[in-house]
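Shown next, in structure tokens, is the structure this report addresses.
The values are calculated or read from the model by the stated rules, or taken from the named source; none is laboratory data. On a predicted model such as this, the values are computed, not experimentally measured, just so you know. Because the Cβ atoms are built from the backbone with ideal geometry, glycine has one as well, and the counts that use them run over all protein chains shown.
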């Protein structure tokens, strides 16, 4: 089930922070860079965020709800920047990230341009964005041997 993550709910923020840590630790390993900004977040920095967060929830075998993935974005007119994409490692390769991308695209019909960045060596993320029609538009080095690539997707505003 997909639904907004309320940043004024302490328990929801703690679940989001735990998910974020698990997901971004894997990205840090993939790209060989431990200084990823989401790994520095705290409950307070998440609660003060201006981003819109949506979570992908699954029921575990005991029917408890689990936050399996989340996406966050910021809007600026008709441009939407995906600022975070995270999936718990136990749910990798199960379609969670694809569902989150589809949701972000559908939930923002006013957006004509979508932008997202990821580590160049994070091949699963690069493949995901390319699968959804994002095209590489930039690259910058953020540390020795570590590059961040930017992708963009344009569409007609309906």
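Data table
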| quantity | calculated |
| --- | --- |
| Filter pass, residue 72 being in contact (Cβ under 8 Å) with a residue 24 or more places away in the chain, under 23 Å from residue 151 (Cα atoms) and either more than 17 Å from the chain's Cα centre (by Cα) or surrounded by 14 or more Cβ atoms within 10 Å (Cβ to Cβ) (or both) | no |
| Every pair of residues 6+ apart whose Cβ atoms lie under 7 Å, when the first sits in the stretch 144-158 and is on the phi > 0 side of the Ramachandran plot and surrounded by fewer than 16 Cβ atoms within 10 Å (Cβ to Cβ) while the second is assigned to a loop (DSSP other than H, G, I, E, B) and at pLDDT below 90 | 145/32 |
| Members of the stretch 22-57 found to be surrounded by fewer than 14 Cβ atoms within 10 Å (Cβ to Cβ) and out of contact with any helix residue (DSSP H, G or I) (no Cβ under 6 Å at 6 or more places or on another chain), listed by number | 29, 32, 35, 37, 40, 42, 44, 45, 48, 50 |
| Some residue of the stretch 92-104 being part of a strand (DSSP E or B), within 23 Å of residue 10 (Cα to Cα), touching a strand residue (DSSP E or B) at 6+ places or on another chain (Cβ under 6 Å) and touching a residue at least 24 places away in the same chain (Cβ under 8 Å) | no |
| Condition check for residue 14: surrounded by 12 or more Cβ atoms within 10 Å (Cβ to Cβ), out of contact with any strand residue (DSSP E or B) (no Cβ under 6 Å at 6 or more places or on another chain) and not in a strand (DSSP E or B) | yes |
| Count of the stretch 107-123 residues which are in a strand (DSSP E or B) and surrounded by fewer than 17 Cβ atoms within 10 Å (Cβ to Cβ) | 1 |
| Enumeration of residues in the stretch 124-143 that are free of Cβ contacts under 8 Å to residues at least 12 places away in the same chain and either surrounded by 15 or more Cβ atoms within 10 Å (Cβ to Cβ) or in a strand (DSSP E or B) (or both) | 140, 141 |
| Residue in the stretch 22-38 that is part of a helix (DSSP H, G or I), within 16 Å of the chain's Cα centre (by Cα) and free of Cβ contacts under 8 Å to residues at least 12 places away in the same chain present | yes |
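Table: residues versus (1) farther than 26 Å from residue 79 by Cβ; (2) modelled with pLDDT of 95 or more.
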residue	(1), (2)
1	yes, no
4	no, yes
28	yes, no
36	no, no
57	yes, yes
66	yes, no
